[in-house]
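First the structure, in the form of structure tokens, and then the observations on it.
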Amino acid sequence: MATETWYEITVKVLKKHKVDLVTYVPDNVLRPLIELIHADPYFTAFACAREEEAVGITAGAWMGGRRGIVLMQTSGFATLPNTLASLSVPFQIPTLMMVSERGTMGEFNIGQQMVARTMRPVLDTLMIEAHTMTRLDEMEFILDRSMIQAWATQIPCCYILSPLLTGGKVFAA
Amino acid sequence: MALNVNQPLKREQAKVMSRFDLISRMVAKIPDEDAVVGGIGWTNFDLWAVKRRPRNFYMLGSMGLAVPIGMGVALAQPDIHVFALEGDGSLLMQLGCMATVAARKQTNLTVVIMDNGAYQITGGQRALSDEGADLVAIARGCGLEQAYWAADEDAFEEMIALAHKEPGPRLIGCRIDKEKPRETTERDPPILKDRFMRALGVKQG
Ligand SMILES: Cc1ncc(C[n+]2csc(CCOP(=O)(O)OP(=O)(O)O)c2C)c(N)n1
């Protein structure tokens, strides 16, 4: 049996936990996941103009009884500290985020690299549960357990997709 | 929908009204099941002052997110109507959200803009809405075709009532004066959220 890809595992766990609303600002590495989600009528999925908006929509949906997740790249996460610190965290809304980690392991763009370095300090400062996912065999466990924890604790959760897991974006040397 | 005289397309054609009065009229008009999201700024405070309405959600920060939060509630609760109340300064920070609402054809969402041409809560500094940025015209440019200024109070009430008659999304621009709000919203986020979720029946016990 062929092994499941990271994006197939993600879709499986989202369905298991009835997360059917997906908002995002696109990223190249996330492309197969976004395509898979759009192809599946289970999901309501759409791109937003900004990541803040994508978080606002899933926060409203959560309060209304519907589960969602926000997909973005590291640069997108860098636009979010204000929203996380004034909406998700103080209101105890378990915002789920999946961030494709750019700016590391083969990046060519110093802008991406610097921005990426701001992500973990922000997550730590806001006491947001964060997991860097590097291995296919651990992925389902991390996604599954952390979602359960997010609902239970009402603390947001951020899944960081390492290039070790996704292959990242490959640039010519 | 036919364009009528009570729904002008230009900001200058709209009467300058009172925020407290407009919100009072809105709250009196809509069913208890409907949800209202109050953005930051003085709009939020007057929403609180008008009535402790259980299905109101009050933001405390995250400037510009009343419309996205309202859209999220609308996506989760397709059987009720959701009103997102936002200040002009706040909306100017997150203009893209109107394109998202329009593209998704969020039929059960009405955006109400309280446009005083200023950032009142931070000291009344002039906002771009007072320098030629017409938020109704911008909404239309985003594809939100049912966007109009409320000519006066009666027109405002008519437009609020439309929410339950014709599918949205819809945006109502209201020109308002610079009057201070009557009260200040309680600043206890988990409780504000909890009340809202229980009122919606999402949380029980
Ligand atoms: C990102 C961000 N920038 C600036 C502020 C400071 N701030 C709080 S409310 C506000 C003005 C809100 O203006 P508007 O939405 O027009 O409402 P009004 O006070 O006029 O009712 C500003 C600038 C903030 N809270 N967040």
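The values are calculated or read from the model by the stated rules, or taken from the named source; none is laboratory data. These numbers come from a predicted model, not from an experiment. Quick reminder, even Gly has a Cβ in these numbers, built from the backbone with ideal geometry, and neighbours come from all protein chains shown. SASA here: full protein model, heavy atoms, side chains in, ligands and nucleic acids out. Shrake-Rupley method; radii C 1.70, N 1.55, O 1.52, S 1.80 Å.
Entry note, chain A: the mean residue ellipticity at 222 nm calculated from DSSP H runs of n ≥ 4, each adding -39500 (n - 2.57), is -11500 deg cm²/dmol after division by the residues and rounding to the nearest 500. Candidates B:144, B:16, B:77 compared by Cα position along the dipole of the stretch B:11-200: farthest toward the positive end lies B:77, with charges placed on Cβ. Among the residues of B:34-41, the average count of other protein chain beta-carbon atoms within 10 Å of the residue beta-carbon is 1. Looking at the protein assembly as shown, the DSSP beta bridges with both ends there are about 5 percent antiparallel. Each peptide in A:92-98, A:58-64 was scored by the mean count of other Cβ atoms within 10 Å over its residues; highest first, the order is A:58-64, A:92-98.
The distance separating the Cα centre of the stretch A:132-150 from that of the stretch A:63-122 comes to 17 Å. Express the carbon and sulfur contribution to the solvent-accessible surface of chain A as a percent, rounded to the nearest whole number, probe 1.4 angstrom. Carbon and sulfur together cover 56 percent of it. Here the calculated FRET efficiency for residue A:79 and residue B:202, from their Cβ-Cβ distance with R0 = 41 Å, stands at 0.90, rounded to the nearest 0.05.
Take each residue in A:44-52, count the other chain C-beta atoms within 10 Å of its C-beta, and the mean is 5.
Candidates B:169, A:38, A:70 compared by Cα position along the dipole of the protein assembly as shown: farthest toward the positive end lies A:70, with charges placed on Cβ.
Among beta bridges from DSSP that stay inside chain B, the antiparallel ones total about 10%. In this structure the stretch A:6-165 gives 39 Å² per residue of accessible area when probed at 1.4 Å with all protein chains present. When accessible surface is computed with a 1.4 Å probe, chains B and A are found to bury approximately 2100 Å² between them, both chains counted.
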